[in-house]
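Below is one structure; the comments refer to it alone.
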Amino acid sequence: MHTSALVLFSGGQDSATCLAYALSRYHRVETIGFDYGQRHRVELEARLVVMRELRARFPAWNERLGPDHMIDVGVLGQISETSLTRDTAIEMQASGLPNTFVPGRNLVFLTLAGALAYRRDLQVIVTGVCETDYSGYPDCRDDTMKAMQLALSLGMSKRLVIETPLMWIDKATTWQLAQDLGQAADSAGGGDALVELIAEHTHTCYLGDRTNRHEWGYGCNQCPACELRASGWRQWHNQSS
């Protein structure tokens, strides 16, 4: 039975939900974040706020939440001509992928997470990749995750499990999952508290906008990340009402 996990935590909605998921399941949870020269660097600040608020609002999770690890992978920004690492407009490319795709990003992240999990004796790596609500990124696919799990386990001669709790659910269901996890952790309004925490403190907007507050959180309300988050919020509320 697995008792420990390392969560890839960016500071966004999906990774915050995955962090809550891990804290609800494992006795020891650590987090890892990556600075790759991303244009929306505000997420690096948001992740610290989210962890602070989680500790304060959910005492049981506070006892399980261990060290945070920030890794500098600026080389990704140096070799990537993408709208997440350059001041360029977001658009589709001839390949059929949006220019928000940072080639190799998740592969690098998982490799480094695997190395850290090995050193810290953590059994499970939790990541918020998803095939249901995504932009066609090949490094978010279930097949890619299975291949990475095999490669890491073979390469380190140690069984490492990659868990993807959001792989087959949409954004509306991700909001519902957050409510369910919060409620299970704290029956006295914890579900609403976790949803409010995620809406207020996580960051998703590709343009790094923290000035415009919407019902679903801060953002430009125009980039693909904002549109996806907003549409999921509306769908979830329509289903709940």
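Points worth noting:
- Identity of the residue in region 128-177, small (Gly, Ala, Ser) and more than 22 Å from Gly11 (Cα to Cα), that ends up nearest to the chain's Cα centre (by Cα): Ala147
- Qualifying position, being closer than 20 Å to Thr31 by Cα, among the small types (Gly, Ala, Ser) and either out of contact with any Cys (no Cβ under 8 Å at 6 or more places or on another chain) or part of a loop (DSSP other than H, G, I, E, B) (or both), among Ala117, Ala151: Ala117
- Residue check for Ala193: more than 17 Å from the chain's Cα centre (by Cα), outside any loop (DSSP other than H, G, I, E, B), among the small types (Gly, Ala, Ser) and under 20 Å from Ala46 (Cα atoms): yes
- Tyr134 meets each of the listed conditions (1) surrounded by 13 or more Cβ atoms within 10 Å (Cβ to Cβ); (2) modelled with pLDDT under 95; (3) within 19 Å of Ala56 (Cα to Cα) apart from (3).
- Of all the residues in region 117-145, those that are more than 30 Å from Cys223 (Cα to Cα) and free of Cβ contacts under 8 Å to residues at least 40 places away in the same chain number 1.
- Within region 207-233, the residues that satisfy the criterion of being crowded, with 17+ Cβ neighbours inside 10 Å and not in a loop (DSSP other than H, G, I, E, B) are Gly217, Tyr218, Ala225, Cys226, Leu228, Arg229, Ala230, Gly232, Trp233.
- Condition met for Thr204 (assigned to a loop (DSSP other than H, G, I, E, B), exposed (fewer than 15 other Cβ atoms within 10 Å of the Cβ) and hydroxyl-bearing (Ser, Thr, Tyr)): no
- Close contacts from region 155-170, counting a first residue that is over 19 Å from Asp139 (Cβ atoms) and a second that is of a type in the set (A, V, I, L, M) and not in a loop (DSSP other than H, G, I, E, B), with Cβ to Cβ under 8 Å and a gap of 6+ residues or different chains, come to Met156/Ala115.
The values are calculated or read from the model by the stated rules, or taken from the named source; none is laboratory data. All of these numbers come straight from a predicted model, not from anything done at the bench. Cβ coordinates were reconstructed from backbone atoms using ideal geometry, including for glycine residues, and neighbour counts include every protein chain displayed.
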